[in-house]
Structures are given as C-alpha cells and as structure tokens.
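Single-structure report; data block below.
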Amino acid sequence: MAAGSCLLLLLLPSLVTASRSPPGCKIRITSKGLDLVKQEGLRFVEQELQNITVSDLHGNEGQFQYNISQVKVTDLQLASSDLNFQPQQHLVFNINNASISLRFRRQLLYWFFYDIGSINASADGVHIYTVLQLAKDEAGRLKISNMTCNASIAKMHAGFSGTLRKVYEFLSTFIVTGMRFLLSQQICPSLEHASLVLLNSLLDTVPVRNYVDEHIGIDYSLLRDPSVSTDTLDLDFKGMFFPRVREDQELENHAVEPVIKETERMVYVAFSEYFFDSAMHSYFQAGVLTIELQGEKVPKDLEVLLRATFFGTIFMLSPSVDAPLRLVLQVSAPPRCTIKPSGTSVSVSAFLNISLVPPDRPPVQLSSMAMETKLSAKVFLQGKALRVQLDLRRYGWGHMGAGGESPPHPTHNCFLLSRFRIYSKQSALESLALFSLQAPLKTLLQLTIMPIINGRHCCSHTTGSAQQDSASSQLSFSAERTKKGVQIPLPEGMDFTREVVTNHAGFLTVGADLHFSKGLREVIEKYRPVPTAAAYSSSRPAEPSLDPSSL
C-alpha cells in the first residue's frame, strides 16, 4: 500500500502536466501595451462619468426647505490615474485627486422667501479605486467576470448667486452634504455598467470560433483563465483549425508550447507548429489540396517539357500523339510545418499523374510519380491577418520586418532552403529516367503553381495570363485564402504596428506595438447589446467577414 502511494505521488506531476493542453496560439500584453489601453480607457471613463444620473435631492431644516433637480456633470478633471497588472486581481484602475463640476436646478423656500435658479458645484479630491477580474466564459471567450469599486469625495463646494446668497451659503451644508453622498453613490454603478456590459460587448468582437472560408474554420477559444504577473498578461488560446465538414474533429496537440519571454513591445503573439499543422490537416480533410490541369490549361513550357520527356511512350500511342495532356497533382498526406530558429518550412508529399486524354477514348497514363518537397515559408502580418507565403526556390538567409524593412536580428522571418524530389511509383528504372526532369519541373512549378497558391500573378514567364487565370480557377487551394490570411484574436478597432516575426525552436512569435484605429466608444456603440436579445445563445461559428475594416 505504501509503495503504491509513493508511485502515485511520483506520477502526479506528469498527470497534471498531461491534463494541461498546450496552446496553439498565445498572446502576451505587456505593461507598455497597458499604458496605451489606459489612455483610451481614460477617455472612455470620462464619457461614462459625464453621463452620471443623480437622483433629485429634497428636504427641510427648520424653516428652510429645498429641492435639487436636473443634476448634470459639466466638466471632469482626471488629474492622476494608473492602470496596472496585479496578480490575483488582474487589473487595477486607480484615479486620484480628480474633480467633477456640476450644475443643477434649485428650488428654495426660507420663511416666506421663495427662490428658483441654478447652482454650480464642484467635487474635489475624488478618489476611485477599481479592480477588474478577468476569466474565460463557457464559450472560451475572455470576459470581465467581476468588478469591485470604491469611490469617495474629499470635499464639495456650491456657489450661490442672488439676493439670498448669504442665507444660502449659511444653509448650504445640508445641500452639499446630500449632493456629495448621492454623487459618490453613483460613480461605482456607472463604472460597473461600463465594465460588465459595455467593455464585455467590446470583448465580444474578438473572434473565438469563426469560419475562415467555405472549407475550414478556426477555434480561438481560451484554454484557461488569464495568467497575470506584475508586468504581463498572458492568454492561452486553443489555436486549432477544423474542417467544416467535421466541425467536432479534434487534432491532438503534441507540439512544443510557445514560451514568450520578451516584454519590450506592447504585444506578442506566438504560434506553435500545431497552429499551422491543424490548418493544413483541415484542408487535407476537406479534400481541397488537389490541382487538375488539362489541355490549354497546362502551361506551355511544362507541356513541351513533358512531351519531350515521354516522347517514346507518346510516339508508340499513334494516332494519339497530339492528344491533350492532363496533369493531376494531389497531396497524399497532411503537410507538416517545421519551425526552427533558422526559418520555417512545410513538408509536402504528393502524387503527380500525367496522362494523355484522346478525344472519345479512355485516358492513357504516361507516368505516376511521387513528389516530396520542403517548401520554404515566410510568415508575416498584414493588418491583423496572419499570412504565409510559400516558395520552392532556394533561399539563403533572409529576414523581413515591418513595412518591408530589415530588422537588425538575423532570425526575423528567415527562410529555410527548399527541397524537391520526384520518383516513380512504378519502377526504380523510371525513377532514374525522371531524374533529369526534376530540376526543370521544380522551376516550372515555382513559376506556374506557387504564384497561384501565394495569390500573386506570374512575372517573367512565357505562359500567358489567360493560361494562368485558367490554372488558378482549377486550383482548389485557392489564392484567396492565402491572400486574406487568418485574423489574430484582437478586439475590433485595435491594430498592430511595427511588427517583427522571430523564429524559435517549435514556434514563432510576432512582436508588435498597438494603436487604436477606432475609439472604444465607437466600437461599443456599434455593438451595443440589445437587452431583449440573447447575447450568448448560439455557439455556431461566425461566417468570414466581408468587411475589410473589421480586420
């Protein structure tokens, strides 16, 4: 019994580790990013406090009767404020020594004197201490789960005018004391509504489970509650693509967990090999990694090369010598991504079947060859969309920073040397015959097929644009997907600037600064929740957006 207990204690750490799913995508927000959020957040808080509604105040003291109504905030001065990360409590927002100017309507009766007018008042030494707790909800979305607030006003003054000014100033203690109490009681409810309702509606704009295109979707649900230190907030996202034909399919994650150590930039986004592998696995499961070219759709240079290579076989097929060619390139297994400090590559295995298609006769197969290639990959950001550009050409060291500028670090977005090999599925002898075809076929694939995959037009190539467009229409893994990219989970109105991609062993990171292209108020008003609507009733993924401004 004792031995069994000891064994269980030894296995417990590994069991806990195994139950913790590694993220495919991780986001770190640093204290520098929080400073930017504070600037925009202060403007939002000012707007909320200016809309405070204070109840009417009325009462009497001896022969003095008063009624205060139509209280409006006319000015706010938030002199000192701090927004900080705090372990256990997540976010602490502190405002010190603020002032609030008010204007309200007075109705006063003292003995037989009756007076109506307005009063200007100011609340000084306003202190607001707010703690926001963050958590993931049932759908895996980041939410403000709880808020605690404490507000106080050190002193309040009221200015009177009119014939009874001296009397009012003597009796103003009752009015000022009551108004100070009512105002302090309205600050926290206003901020609570702003946090738990309005700011949560902003967090609803972060994509969680969305369709990327007609074939696949992406799951950005949080795996666990945020991890907060004194300088950073880390979010672990599932980061898994799925085929739309089988949305409940789960691809097990055996990749290295991304580790973000940097804190120099405002935000860091890390992607593991699992993130990219799940995308390629989903496209493979959807059955779209196939290219078929026939007749005039086969690039002329490639047709000449293939007819010359298989001249003997074609000549024996007379009178079908002039029959059109058909090429079917089909990926045979899900491609795999490899990320190293030296660069990123994608390993692809495929079959290339070459046939003659005589009119009114069955196709005649000329060759069935297997292809193994390692494509070099360049990962970069465009707006909030992550894009990947693949290449067959052999690159040396290279790097790319924001706006096409080269950053100083030599591992930023490097290329791995690509590899390409073909061999016959039928015989070793035919594989030897195909060896001479390897280099020119690789070049032609680079000039004809790779531009289609990467979503750009060919250049410096003899194939006509009509042929290129025709080939593009036959390519299931279309250019639009690689051109559009995949949106990174950030709220609407928040964008990246000065991005730099850095490769590590098993994952890559994107370090960037942030800026607000839209104000918090603008986005919140756009998505302001309707009280009668069920805000969280559906878990169905959202369709891909056609509005470029939302990316």
(message) Against the conditions (1) open to solvent by 20 Å² or more (accessible area, probe 1.4 Å); (2) at pLDDT below 85, where does Ala286 fall short? Just the number, please.
(response) (2)
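Which ones in segment 504-524 are open to solvent by less than 10 Å² (accessible area, probe 1.4 Å) and either under 16 Å from the mean Cα position of the chain (by Cα) or closer than 24 Å to Ala255 by Cβ (or both)?
Taking segment 504-524 as the starting set, the residues that turn out to be open to solvent by less than 10 Å² (accessible area, probe 1.4 Å) are 506, 508-512, 523-524.
Result: Gly506, Leu508, Thr509, Val510, Gly511, Ala512.
Taking the condition open to solvent by 10 Å² or more (accessible area, probe 1.4 Å), under 25 Å from Thr173 (Cα atoms) and among the small types (Gly, Ala, Ser), does Gly125 pass? Steps first, please.
On the way: open to solvent by 10 Å² or more (accessible area, probe 1.4 Å): yes; under 25 Å from Thr173 (Cα atoms): yes; among the small types (Gly, Ala, Ser): yes.
Yes; evaluated as a whole, the condition is true for this residue.
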(request) Could you tell me whether segment 296-312 includes any residue that is closer than 27 Å to Asp137 by Cα and among the hydroxyl-bearing types (Ser, Thr, Tyr)? (result) no
(request) Please work out which one of (1) open to solvent by 30 Å² or more (accessible area, probe 1.4 Å); (2) over 25 Å from the mean Cα position of the chain (by Cα) is the condition Gly295 fails and give its number. (result) (1)
(message) Condition first: at pLDDT below 80, open to solvent by 10 Å² or more (accessible area, probe 1.4 Å) and within 30 Å of Gly295 (Cβ to Cβ). Can you find one or more residues in segment 393-414 that meet it?
(response) yes
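Here are some residues: Val73, Val45, Val54. Which one is in contact with a strand residue (DSSP E or B) (Cβ under 8 Å, 6 or more places away or on another chain), part of a helix (DSSP H, G or I) and either among the hydrophobic types (A, V, I, L, M, F, W, C) or surrounded by 15 or more Cβ atoms within 10 Å (Cβ to Cβ) (or both)?
On the way: Val73 fails: part of a helix (DSSP H, G or I); Val54 fails: part of a helix (DSSP H, G or I).
Result: Val45 is the single residue among Val73, Val45, Val54 that is in contact with a strand residue (DSSP E or B) (Cβ under 8 Å, 6 or more places away or on another chain), part of a helix (DSSP H, G or I) and either among the hydrophobic types (A, V, I, L, M, F, W, C) or surrounded by 15 or more Cβ atoms within 10 Å (Cβ to Cβ) (or both).
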(request) Looking only at segment 212-232, decide whether some residue is surrounded by 20 or more Cβ atoms within 10 Å (Cβ to Cβ), in contact with a Ser or Thr (Cβ under 7 Å, 6 or more places away or on another chain) and assigned to a loop (DSSP other than H, G, I, E, B). (result) no
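The values are calculated or read from the model by the stated rules, or taken from the named source; none is laboratory data. Quick caveat: nothing in here was measured; it's all calculated off a predicted structure. FYI the Cβ positions are ideal-geometry reconstructions off the backbone, even for glycines, and counts take in every protein chain you see. Note: accessible area is taken over every heavy atom of the protein model, side chains too, but ligands, DNA and RNA are not part of it. Shrake-Rupley method; radii C 1.70, N 1.55, O 1.52, S 1.80 Å.
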